[in-house]
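**Student:** Before I ask anything, let me first share the structure, which is written out below as structure tokens.
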Amino acid sequence: MKTLVYFASGPYSSEYQKLDFDRIFLIDNCFRNSRENHKSITNKGKITCIGMDCLKAVEYLINENIKIDCFVSLNEGLYEGGGSYAINSDFFLGFVMPLLNDRYTHIMNKDYYHDMHNVSMDLPFNMKEISENEEGFISPFVFSQAHYHKKHAKVYQMTRIFSTLKPFFNPRLKISISHDSIWNHHDNLDLIALSISKQGQGEFFKSLPKTININSTPVDEIFSYCLLNKIEKIGFTPWGKGHYRSFINQLKDLKDNYPKEIFLFHLNKDDYKEIKEYAENSVQT
């Protein structure tokens, strides 16, 4: 069952029915019930039109056990269409990662963002551009005719990579550093410490259960919260802008019974570099 999902798709096009996919999901606010502005879900052949915000749609697709073989986002209306966050940002792609198959196709135009949004595509995937004559290529112009996509919209073959280190800092703590999205491990964590930046997505993530904003809550307060509420497993996303010496010392000195396990997740390959370098001689095999 091959599935394509087009985030911030704009209106339905009958041309999509011809694509070689078993299911296609178009996600855009334009499909909302215009009179009541309610979310709506309608089916047209093999295409499902989802009228809701893209972040909310991720939750819907996860609940529907959807797995994505082709991810499309080319023009989310950031400059004139009312879009408030970049679909290809690290923050959004990290959240959508539980939906992505280990090998999938990604269609995007990085130049669309004009370096005004945090779109790195530095992710835990090997990324290979597919040219027009290669197997798996789908023309981006099927999805958007905008002239600025010419020579800039790209098609990539993405292959997931896995990497986990288990440094030893403290005999009473289990610690791991994983090149992976924290959202792939959501169900295994009791608390999620997110670095919520000003990318237009903050209010959504602040409202999620068992999340805490590490940018506004010091680490020692988070550990105190874990002790008070008997939180055993806590996951962190990078927040220190490369500087983690004080955090390393906190891990070494932590004597409380909670938390018991600390998971450090990162999308960009060089995140937590200082912690990794400090711990490279203490990695458990």
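The values are calculated or read from the model by the stated rules, or taken from the named source; none is laboratory data. None of the values given here were measured: they were computed from a predicted structure. Glycine gets a Cβ as well: all are built from the backbone with ideal geometry, and neighbour counts include every protein chain shown.
**Student:** Name, by its number, the condition in (1) of a type outside the set (A, V, I, L, M, F, W, C); (2) over 24 Å from His186 (Cβ atoms); (3) crowded, with 17+ Cβ neighbours inside 10 Å that does not hold for Pro259.
**Tutor:** Tallying (1) of a type outside the set (A, V, I, L, M, F, W, C); (2) over 24 Å from His186 (Cβ atoms); (3) crowded, with 17+ Cβ neighbours inside 10 Å, Pro259 fails exactly one: (2).
**Student:** Just wondering, is there one or more residues in region 32-53 that are in contact with a helix residue (DSSP H, G or I) (Cβ under 9 Å, 6 or more places away or on another chain) and assigned to a helix (DSSP H, G or I)?
**Tutor:** No.
**Student:** Over 26 Å from Met121 (Cα atoms), polar (S, T, N, Q) and not assigned by TED's automatic domain parsing to the domain that holds Ser84, is that true of Asn184?
**Tutor:** no
**Student:** Mind listing whichever residues of region 129-187 are part of a loop (DSSP other than H, G, I, E, B) and among the β-branched types (Val, Ile, Thr)?
**Tutor:** Residues satisfying the conditions are Ile130, Ile138, Ile161.
**Student:** Given Leu264, Leu208, which one is among the aliphatic types (A, V, I, L, M) and either touching a Gly at 6+ places or on another chain (Cβ under 9 Å) or more than 24 Å from Ala86 (Cβ to Cβ) (or both)?
**Tutor:** Testing whether each residue is among the aliphatic types (A, V, I, L, M) and either touching a Gly at 6+ places or on another chain (Cβ under 9 Å) or more than 24 Å from Ala86 (Cβ to Cβ) (or both) leaves just Leu264.
**Student:** On the phi > 0 side of the Ramachandran plot and within 15 Å of the chain's Cα centre (by Cα), is that true of Met158?
**Tutor:** Against the criterion (on the phi > 0 side of the Ramachandran plot and within 15 Å of the chain's Cα centre (by Cα)), Met158 does not qualify.
**Student:** I've got another one for you. Does Leu264 meet the test of being touching a Cys at 6+ places or on another chain (Cβ under 9 Å), within 22 Å of Gly94 (Cα to Cα) and touching a residue at least 40 places away in the same chain (Cβ under 8 Å)?
**Tutor:** Judged against the criteria, Leu264 is not a match.
**Student:** Please enumerate the residues belonging to region 192-225 that are touching a residue at least 60 places away in the same chain (Cβ under 8 Å), in contact with a helix residue (DSSP H, G or I) (Cβ under 8 Å, 6 or more places away or on another chain) and not in a helix (DSSP H, G or I).
**Tutor:** Ser197, Gln199, Gln201
**Student:** Of the residues Lys233, Lys210, Lys269, Lys273, which single one is crowded, with 17+ Cβ neighbours inside 10 Å and among the basic types (Lys, Arg)?
**Tutor:** On inspection, the qualifying residue turns out to be Lys233.
**Student:** Output the residues belonging to region 192-219 that are in contact with a Ser or Thr (Cβ under 9 Å, 6 or more places away or on another chain) and polar (S, T, N, Q).
**Tutor:** Result: Ser195, Gln199, Gln201, Asn213, Asn215.
**Student:** Of all residues in region 93-120, how many are surrounded by 14 or more Cβ atoms within 10 Å (Cβ to Cβ), closer than 17 Å to Trp183 by Cα and touching a strand residue (DSSP E or B) at 6+ places or on another chain (Cβ under 8 Å)?
**Tutor:** Number satisfying all stated conditions: 4.
**Student:** Further, regarding this structure: Hey, can you tell me all the residues within region 82-115 that are in contact (Cβ under 8 Å) with a residue 12 or more places away in the chain and part of a loop (DSSP other than H, G, I, E, B)?
**Tutor:** Matches in region 82-115: Gly82, Gly83, Ser84, Tyr85, Ala86, Ile87, Asn88, Ser89, Asn109.
**Student:** Hey, among Asn170, Asn133, which residue is over 25 Å from Asn63 (Cα atoms), surrounded by fewer than 18 Cβ atoms within 10 Å (Cβ to Cβ) and either at pLDDT 90 or above or outside the structural domain of Asn109 (by TED's automatic domain parsing) (or both)?
**Tutor:** Result: Asn170 is the single residue among Asn170, Asn133 that is over 25 Å from Asn63 (Cα atoms), surrounded by fewer than 18 Cβ atoms within 10 Å (Cβ to Cβ) and either at pLDDT 90 or above or outside the structural domain of Asn109 (by TED's automatic domain parsing) (or both).
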